[in-house]
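What follows is one structure encoded as structure tokens, with my remarks underneath.
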Amino acid sequence: MIKVYGRANSINVRRVLWMLDEVGEPFEREDWGRGYRSLDEPAFRALNPVGVVPVIEDGDFRLRESNTIVRYLARKHNRTDLYPDDLRKRALTETFMDWSSTDFGRGMTPVFHGLIVKNPAYVNQVEAGIQEWARQMQVLEAHLTKSGPYVMGESFTIGDIPVGLVVNRWYAIDFKKPDFPAVATYYDRLAQRPGYRAHGRNGTP
């Protein structure tokens, strides 16, 4: 059975948990990270010298980096519906995954840490973060309006997993935000998936 190391409220761990639900693979999980055991403990650094969650163990195989783990699980289960074999479709799917870890999520970071974690280092960055996040949400709004209902068009793919978790955080954090009707519809559509309800739209930002 796969073992997941990382707290269940980490947005990166949630990517992996949602994907495990999508492929129907049972797992066990051990809490590590903020509010639990420190990622600086030697026991965790032995699992991941970088000192971040998630990490998985699949038998004698160990893997870190959430998007890499999601791709690994798709390939392991031969889920070409989620991770296309076609070279160009696969590259486009990965574009959305990478975007979520860079520009799409950049504004989210100070907003989340300033308003939810209450980290004083981010308090003065919240307003700028909201503006940047809204700009990126507008990009998603335009894309879904033109090419939806999912980021890759008609079918749900692993590209929707990191994007969907950023969208959940957008709606779950209380601040004044513009209306994005296509994104709101996408948010509701994702909520039809049990994995998103369990690990995404579950009341946790």
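One residue stands out in region 1-24 among those that are within 18 Å of the chain's Cα centre (by Cα) and charged (D, E, K, R): the one that is surrounded by the most Cβ atoms within 10 Å (Cβ to Cβ), namely 14. Working only within region 160-196, note down all residues that are under 15 Å from residue 23 (Cα atoms) and surrounded by 14 or more Cβ atoms within 10 Å (Cβ to Cβ). 160, 161, 193, 195, 196, listed by residue number.
Among the residues making up region 32-53, those that are farther than 19 Å from residue 113 by Cα and either surrounded by 17 or more Cβ atoms within 10 Å (Cβ to Cβ) or hydrophobic (A, V, I, L, M, F, W, C) (or both) are 43, 44, 46, 47, 48, 50. Loosely packed, with under 15 Cβ neighbours inside 10 Å, within 18 Å of residue 3 (Cα to Cα), free of Cβ contacts under 8 Å to residues at least 12 places away in the same chain and under 21 Å from the mean Cα position of the chain (by Cα): does that describe residue 68? Against the criterion (loosely packed, with under 15 Cβ neighbours inside 10 Å, within 18 Å of residue 3 (Cα to Cα), free of Cβ contacts under 8 Å to residues at least 12 places away in the same chain and under 21 Å from the mean Cα position of the chain (by Cα)), residue 68 qualifies. Would you check if residue 112 is in contact (Cβ under 8 Å) with a residue 40 or more places away in the chain, assigned to a helix (DSSP H, G or I) and either out of contact with any helix residue (DSSP H, G or I) (no Cβ under 6 Å at 6 or more places or on another chain) or under 29 Å from residue 2 (Cα atoms) (or both)? Taking the combined requirement at face value, the residue satisfies it.
Residue 96 fulfils the conditions (1) touching a Gly at 6+ places or on another chain (Cβ under 7 Å); (2) surrounded by fewer than 21 Cβ atoms within 10 Å (Cβ to Cβ) except for a single criterion, (2). So if I check each of 53, 117, 126, 111, which one is within 15 Å of residue 15 (Cα to Cα) and of a type in the set (Val, Ile, Thr)? None of the other options fit; the residue is 53. Restricting region 1-49 to residues that are touching a Leu at 6+ places or on another chain (Cβ under 9 Å) and of a type in the set (Val, Ile, Thr), the residue that is nearest to residue 165 (Cα to Cα) is 11.
Just so you know, all these numbers are worked out from the coordinates, no wet-lab data involved. From a predicted model like this one, the values you see are computed outputs, not experimental measurements. Methodologically, a virtual Cβ is constructed for each residue, glycine included, from the backbone with ideal geometry; neighbour enumeration extends over all protein chains shown.
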